[in-house]
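One structure below.
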Amino acid sequence: MNPANIFNLGIKELRSLARDPIMMVLIVYAFTFSVYIAATALPETLNRAPIAIVDEDQSPLSLRIDSAFYPPYFTPPAMIGIPEMDSRMDAGRDTFALDIPPDFQRDVLAGRAPTIQLNVDATRMSQAFTGSGYIQSIVTGEVASFAQRYRAVSRLPVDLALRARFNPNLNQSWFGGVMQIIDAITMLSIVLTGAALIREREHGTIEHLLVMPVTPFEIMVSKIWAMALVVLTVSAVSLIVVVQGLLAVPIEGSVPLFLAGAALQLFATTAMGILLATLARSMPQFGLLLMLVLLPLQLLSGASTPRESMPVAIQYMMQAAPNTHFVILAQAILYRGAGFAVVWPQFLALALIGTGLFLWAQTRFRSTIATMA
Amino acid sequence: MSGSAPVARLSGVGLRYGATHALAEVSVEIPAGRMAGLIGPDGVGKSSLLALIAGARSVQEGRVEVLGGDIADPAHRARVCPRIAYMPQGLGRNLYPTLSVFENIDFFARLFGQAEAERRTRIGELLAATGLAPFAERAAGHLSGGMKQKLGLCCALIHDPDLLILDEPTTGVDPLSRRQFWELIGRIRAGRPGLSVMVATAYMEEAARFDWLLAMDAGRVLATGGPAELQRQTGANSLEAVFIALLPEEKRRAHKPVHIPPRPPGEAETAIEAKGLTRRFGDFVAVDHVDFRIERGEIFGFIGSNGCGKTTTMKMLTGLLPATEGQARLFGHEVDANDLQTRRRVGYMSQSFSLYSELTVRQNLVLHAKLFQLPAADIAGRVEEMARRFELTGLMDALPGTLPLGQRQRLSLAVAMIHGPDMLILDEPTSGVDPVARDSFWQSLADLSRQDRVTIFISTHFMNEAARCDRVALMHAGRVLVIGSAAELMAARGAATLEDAFIGYLEDATKETGTAESAALAPIADPPAPTPRSPGWFNPRRMFSYSRREALELRRDPIRLTLALLGSVILMLVMGFGVSLDVQNLTFAVLDHDQTTMSSDYALNIAGSPYFIDRSPLRDYADLDRRMRDGELALAIELPPHFARDVERGDPVSVGAWIDGAMPMRAETVKAYMEAIHAQWLARKEAQMPGGTPPAGLFNLEIRYRYNPDVVSIVAMVPAMLPLLLLLIPAMLTALSVVREKELGSIINFYVTPVTRLEFLLGKQLPYIILAMVNFLLLFLLAVLLFGVPMKGGFLTLAFGALLYVTCATAIGLLISIFMNSQIAAIFGTAILSIIPAIQFSGMIDPVSSLQGMGRLIGEVYPTTHFLDISRGTFSKALYFHDLYGSFWPLAATIPVLLGVCVFFLNKQER
C-alpha cells in the first residue's frame, strides 16, 4: 500500500468532480434547497388537518364546538350538510368529518349522553390517529366546560403534566431537516463512488490504472476518501448554515461527534457504492440497483417512521444497514445531546458494517478486474 | 450534374469551442459529384468542417450552403437532411453494439420512413454488396473494425444520399478491409454517378486516389485542387511530401525523415517471451497458442486484421487479462497481476483513448508521473520533456476531450513513456495521427530502442510503420501466421510491398477458414424507387423506429429488464411489510417516589395498554436523563411523593410525563395515547370512589374509520407505494436512455437524420411506458393477492390513471435527461428530483393540504399527488372514474406540458 498513490488518485477524483458543473449544482441543491424545502414543508404533526362539520343541532353548544377548531392544528372547518360528507371525503378533501346530531345540547344537559359521530379517512394513517385524539379532547373539553355551568360534574384533581423533551414544541422541521441531510449523505456517497467507478470502466481508464503500480486497494481507498471528504464537507456546511442557521434548529450535542459518525457512515456507504458498481455492468443497471438499495435504506432506517413499529424480522434485517445506526446516533447526538459514552455501540456497528462492505467490495473488485479491462 | 454547382459552399466560416478557434475564416467551394478529400494534421478542424456541412453542429459564424441552401435555416435543413449521410469519426460510434447488423440498418431505414418492402430489398442489396450478408444476425459490437465501418456505410447509404460525408472512415482499419472499403465506395459511385463524397483521411496513399483535395492547417485552408495539381504546385513527388511542403515554415522545419540505425549485434537477452499463450472467452478462442520471443531493444511489430487477437495478446502481457493456457514472461519473470515491480518497467498504451478526460493534459501527465513514483523533484522536468517531445507544450491546459484524435494519441504516448520504462507495449498508437507527427513519434521510438535499449512491442495498421520494425508478426484469427523482417516476408511472398505480402497471407488464411468476407460481392443494383421524402413534423414510422430499437436494446440486456420488472416487486415487498405508520411497542419506565398500591396501579395501567412496553423502573433523575438520552425510553413517568394520599384526599396532584421529542410524529402519538390512558384511569378511580359517579360521560364520541375500518397499515400503505414505485424506476430508465446516447455518441443519429424532436422523445418513451404498465400489473397483483388489499373501486379506472401517470413519470425522466450530460448526473438528478417530492410532498404520509411553503406548491403540481388520490380512491374508497375526474385532468394536462418543455429545450444540433 502506498499512501502517496492513494492521495494522488483521490486528488484526481476531486478534480474530475469539479469538472462536472451540473453535478456540483445538484450537490449544492441536495444539501441546501432540498433540505430547506423538505424541512419547512413538513407540517407540525397535526397541521392544518382538513376537517368538515355537519352541525345538525345549531345550538349554542354545537356552535361552541364548531368554533373550537382553528389553525394551525386544523383548517377552519367546512360547514357542510350530510349529503356532501361522503363525496368530500371520497375526493380526499377532508380527513375528518364531525357529525353533531340534532338536539345534541338538549340531550347532553338531560344526561342522555348523545353520540357524536367522527368520520376519519383512515387511509391517511398519520393524521388519522393523532387527529382523532385531538378532536376527542377538544370536544370533551368544550362539552365539559359548557356542562359545568349547568350540571355538577365531579372531577379528581389529578393532572397529567406532559412535556416533550429535546424538542418541546414537537417541531417537525427539527426532525425533517436533519433526516434530509442523512438521506442526502447516503444517496450522494453511493452515487459518487459507484458511478465514478462505472464511468472509469466505460471510458477504459480503469484499465490504465491497472497496468500501473497501483493496487485495487489503493484505487478503492482513494475513491472512498475523496468522495467522503466532499460529502462530509457539504453536510457540515449544510448542518451549520441551513439547519442551525436558516431553520434555527437548536443542536444539543456536539457537531464534531456527529461528523465523526458521519465519516464512519460514509466509509460504509462509499464502500457500498463500489460494491454496487462491481455488481452492475453498465450505468443503467447501476441506476436501477441504486433505487433498489436506496429506498429501503431511507424508508426502513427509522428516519421516516419509527423503527420499533416495524415487523421484528425487518428490524433485524435493518441492523445490517448502516443507515439504521446512523439515524440512531444522529438523533441521539443532535437532539438528545448524547456523548460518545452513549453512542459508541452505533460507532462500533458502523465500523464493522463498513469493514464488511469494504472487504466484500474488494473481493468483487479483484474478481471483476478481468471483465473491467 | 457534376462540375456544375458546388455541393457545398462555405464563406467566412468560423467555429470556436470556448477560447480555442477550431475554424477561422474558411471560405471554400466543394465540387459536386466528386470524391473530395480533406487532409491536414490533427486538430486543424477537419471534423468540425464536416460536422458543419452535415448539419450535426450548429453554424456559429459565416455561411454554410449545402445542396443549394443555407444549412442554418431549419426549413432547408429539414428538406436536405434526407439527402445527406454522415458517418462520424471513430469505429462504429453511431452504431448500436447490442443490435445485430440487420437491425442496425433497419433502424436507419425506418428513420428515413421507408416501408417494409423497400427496406427489405435495400438492406438485402447493401448486405450483399458489402459482403456482410453472412453476418446479418451478428451483434454489431462483435464485428471487427473493418466490418463495423462497412456496416456504418450501409447505414449511411440506406436512403440514397446525394452527399456522403465520411470522417476518417478507415482509421484503425487493417489494410485488407481498407482496400475492400474503397472498392466498395468505388462501385457505389459507379452505380450512382451523381453522388458527392467528402472524406477526411490520415492516409496519404488514399488521398492520392481522390478527385479533389482540401489541405487544411490550424483552422484555415492551405490549398485546394486535384492531387496531381497539388504535387505540381509544391514540386513534391508524393502526396505525403506535398502535405509536409504545405505546412507552415516552423512546422516543416521540425520534420525530419525517420532514421533508424541498424541494431547493434550483441548478446540476445530476452525481454518478452510467450509460449503457447491462449485466451478463451467462453467458446471463442481469441488467442490460440501464440509463441514468440522478443529481444531487448528490439522493435517488434504486430500486424493483422481487426479483432484477430492482437489486443488480447497485449493485455495478457501486461497482466490485465489472465491467460487461459500457456505462459508469458517479461524479463524472465512470469507475468503476475500482483507484481508491481514489473509494472514499473512497462509502459502501456491501450487502443481506445483511456486517459482522464476531466483532467487537463498537464494534470494527466503529472498524475501518472506520481503514480509511477518518480522523485518529486524530477516530475516537472520530466513532464516538460514529454510535452516537448510529443508537441504538447501549447496544449498543457486543454482538456483531452476537446482535442482531436491525433493529439490525444500523442498524449497517451507521453503518458506511457513518462516513467522511462524498459519496455513499451503500444496498441495501435498511431491510429488517426497525421504523417508528420507519426514520423517524429517513430524517431523517438527509434532513439529509445537504439540508444536506451528499450524494447518496443507495437501493433499498427500502417504498412510503412510495420516495415520500420526489426521484425513483424502477422496475426490472424488468434494465430500467428508468420514472423520475420519486412524484407523476409516480402521475399517469401514474392511481393513488391509489405502491404501486398500482408494481403496475400491474409487471403490465403481466409480461404482456409472459409469465411468469404470478400467473396461474392454483388454489384450495386439500381436502387428501388425512393419513398417520397416528406420531412413532416410527425411520422409514426420514424417514431416507432426509435421505440423498436429501444425495446430491442432492453431485450438484449436481460439484467436491466429483470431489475426493472422485479426491482419494483422487491421494493413493494420490503416496504409493504416494513413501513408501518402504526405506532406501538413504545418503551416506558416509571420513577415512582410514592411506592404505594395506587402508584403501581397507575404504572400497571400504562403497561396494560397494547401500545406500551414496561422497562425496569427508574432509580433517580440521573437514570431518567441517561436512559432518555440514549433513546431507550420513549416515555418516562414520574409519580410524586404522597401520590396516593393526595389523590385520596382530593388534593391537587400532578403526574409528570416526559416524552422523547426527537421524532415528533412518534411523540405526538405517545402524547395522545398517554392522555387517553390517564383519562381512563381517572374515570375508573372516580367510579371506585365513595359516592362517585359511574364513568358514563356527558356524551359519546363514535369514531368511524372509513375505508380501512380495521386501521391496517398495509391497506393504507400499499396503494401509496404504487405511485412511488411507478415513478422512480420508469423515470430513471428514460433519463438514462437519452443521456447514455449523449455520453456514448450515438445521439449523432438524432442530429443528422430527419427524425424530429417529438418523434425522438415519444419513440424513446413508448417502450418504457409499456414496461411500466407491465410493472403496474405485477404490482397490482401483488397488492391484491399477497398483501390482501381489497380492490373496492374500478380496476379500469386505476389502470387508466396508471397509464397517464407512467406517461408523466417517463416524461419527467426525459426532461431530466435533457439538462444532464453525464450518466452520473442523470442518476443523481433523477434520484433527488423524484424520490423527495414523491415521498414527502405528494401526500404519501402527510396530505398535501397540510403541507406548507415550497413543498406544498411542489406537491400541488407533482403528478404523484394526483395518482395517489386515484390509487387510494380506487383501492380503498370504492371510487370510479366519474368520482375521480378531478385527479385525472391534472395528470392528463401534465403530459403535454412536460413534453412541450422537452421539445423546446432539446437541441437538434450539437452546439
Quiz item: Cα to Cα, under 27 Å, and not fewer than 8 places away if on the same chain: which lysines meet these conditions relative to B:K685?
Solution: B:K671
Quiz item: Along its principal axes, what span do the Cα atoms of the protein assembly as shown show, with the longest given first and each in whole Å?
Solution: 128, 69, 52
Practice problem: Quickly rank A:87-93, B:321-327, B:605-611 as a protection proxy: mean count of other C-beta atoms within 10 Å, highest first. | Solution: A:87-93, B:321-327, B:605-611
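Nearest 0.05, what FRET efficiency do A:A110 and A:L229 give at R0 = 56 Å with Cβ-Cβ as r?
0.15
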Quiz item: Counting only DSSP beta bridges with both residues in the protein assembly as shown, what percent are antiparallel, rounded to the nearest 5?
Solution: 40 percent
Quiz item: Between B:A128 and B:R649, what is the label-to-label distance in nm when each label sits 7 Å out along the Cα-to-Cβ direction?
Solution: 11.5 nm
Quiz item: Looking at this model, which pairs from A:K223/B:K370; A:K12/A:K223; B:K275/B:K310; B:K150/B:K310; A:K223/B:K742 are more than 19 angstrom apart at the alpha-carbon?
Solution: B:K150/B:K310; A:K223/B:K742
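For region B:229-326, go through all pairs of different Cα atoms, get the mean of 1/r, take its inverse, and jot down that Kirkwood value in Å.
This gives a value of 17.5 Å.
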Self-check item: Derived scalar couplings ³J(HN,Hα) [region B:601-616; Karplus, 6.51 cos²θ - 1.76 cosθ + 1.60; whole Hz; x for Gly, Pro]
Solution: 5, 4, 5, 4, 4, 6, 4, x, 6, x, 8, 10, 10, 7, 10, 4
Practice problem: Assign one of three labels to region A:64-206, namely rounded, prolate or oblate, based on the Cα gyration tensor with a ≥ b ≥ c the square roots of its eigenvalues; rounded applies when a/c is under 1.5, prolate when it is not and a/b is larger than b/c, and oblate otherwise. | Solution: prolate
Exercise. Sequence neighbours fewer than 8 away in the same chain don't count; with that in mind, list the lysines whose C-alpha is under 26 Å from B:K256.
Key: B:K46
Self-check item: Nonlocal amide H pairs with A:F74, under 5 Å, H built at 1.01 Å
Solution: A:R48, A:A49
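Return a whole-number percent for the relative contact order of chain B, with Cα pairs under 8 Å and 6 or more residues apart as the contact set.
11 percent
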Self-check item: Those trypsin sites (Lys or Arg not before Pro) in region B:726-811 that DSSP places in a loop and that have at most 10 other beta carbons within 10 Å
Solution: none
Quiz prompt | Per-pair calculated FRET efficiency, R0 = 41 Å: A:R149 and B:R619 via Cβ, rounded to 0.05 | solution = 0.35
Quiz item: For region A:147-289, what D do you get in µm² per second when you plug the Kirkwood radius from alpha-carbon pairs into Stokes-Einstein at 4 °C and 1.567 mPa s?
Solution: 70 µm²/s
Practice problem: Sort largest first and round to whole Å: the equivalent ellipsoid semi-axes of region A:220-354, each the square root of five times a Cα gyration tensor eigenvalue. | Solution: 25, 19, 15
Quiz item: So what are the ³J(HN,Hα) numbers for region A:15-20, from phi and the Karplus equation (6.51, -1.76, 1.60; θ = phi - 60°), rounded to whole Hz, Gly and Pro as x?
Solution: 5, 4, 5, 5, 7, 10
Quiz item: Any idea what log10 I(q)/I(0) is at q = 0.18, 0.20, 0.26 Å⁻¹ for region B:738-824, Debye with uniform C-alpha scatterers and no solvent?
Solution: -0.84, -0.95, -1.30
Quiz item: In terms of the Cα gyration tensor, with a ≥ b ≥ c the square roots of its eigenvalues, is region B:287-419 rounded because a/c is under 1.5, prolate because a/b exceeds b/c, or oblate?
Solution: prolate
Quiz item: Rounded if a/c is under 1.5, else prolate if a/b is larger than b/c, else oblate: which is region B:383-426, with a ≥ b ≥ c the root eigenvalues of its Cα gyration tensor?
Solution: oblate
Quiz item: Quick one, what does Rg over Rh come out to for region B:24-136 if you take C-alpha atoms and the Kirkwood Rh?
Solution: 1.01
Practice problem: Quickly work out the B:D211-to-B:H142 label distance, labels modelled 7 Å from Cα along the C-beta direction, and quote it in nm with one decimal. | Solution: 4.1 nm
Quiz item: Given H placed on each backbone N at 1.01 Å, which residues far from B:Y203 in sequence or on other chains put an amide H within less than 5 Å of it?
Solution: none
Self-check item: Spatially proximal lysines relative to B:K877 (Cα-Cα < 17 Å; intrachain offsets below 8 disregarded)
Solution: B:K792
Quiz prompt | Karplus (6.51, -1.76, 1.60) ³J(HN,Hα), θ = phi - 60°, over region A:78-83, in Hz, Gly and Pro reported as x | solution = 7, 8, 10, x, 3, x
Exercise. Give the value in nm², to one decimal: projected area of the alpha carbon convex hull of region B:336-378, averaged over all directions.
Key: 4.0 nm²
Quiz item: How long is chain A along each principal axis, judged by its Cα atoms, biggest number first, in Å?
Solution: 93, 45, 39
Quiz item: Under a 5 Å amide H to amide H cut-off, with H placed in plane at 1.01 Å, what residues pair with B:G225 once short-range neighbours are removed?
Solution: B:L213
Exercise. In square nanometres and to one decimal, what's the mean projected area of the convex hull around the Cα atoms of region A:161-212?
Key: 5.4 nm²
Exercise. Among DSSP beta bridges whose residues both lie in region B:586-688, state the antiparallel percentage, nearest 5.
Key: 35 percent
Self-check item: DSSP beta bridges in region B:8-254 [antiparallel fraction, %, rounded to 5]
Solution: 55 percent
Quiz item: Say each of A:R64 and A:D103 gets a label point 7 Å from the Cα, pointing the same way as Cα to Cβ; how far apart are those two points in nm?
Solution: 2.1 nm
Quiz prompt | Three semi-axes of the equivalent ellipsoid, region B:130-204, Cα gyration tensor, whole Å, largest first | solution = 20, 16, 11
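Stokes-Einstein at 10 °C, 1.306 mPa s, Kirkwood radius from Cα pairs: D for region B:1-51 in µm² s⁻¹? Don't skip to the end; give the middle numbers.
On the way: Rh = 12.1 Å.
Here the translational diffusion coefficient equals 131 µm²/s.
Applying 1/(1 + (r/R0)^6) with R0 = 45 Å to the Cβ-Cβ distance of B:Q341 and B:E632, what FRET efficiency is obtained, to the nearest 0.05?
Efficiency for this residue pair is about 0.20.
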Exercise. For region B:586-688, count all C-alpha to C-alpha pairs, find those more than 15 Å apart, and express that count as a whole percent of the total.
Key: 61 percent
Quiz item: Computed on alpha carbon atoms, what radius of gyration and Dmax characterise region A:51-148, expressed in Å?
Solution: 13.1, 39
Quiz item: What are the extents of the Cα atoms of chain B along their three principal axes, listed from largest to smallest and rounded to whole Å?
Solution: 128, 70, 52
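First obtain the Kirkwood hydrodynamic radius of region B:8-254 from its Cα pairs, then insert it into the Stokes-Einstein equation at 25 °C and 0.890 mPa s, and state the resulting D in µm² per second as a whole number.
131 µm²/s
Readers should treat all values here as calculations from the given coordinates under stated rules, not as data from a laboratory. None of the values given here were measured: they were computed from a predicted structure. Positions of Cβ are generated from backbone atoms using ideal geometry, with glycine treated the same way; all protein chains shown enter the neighbour counts.
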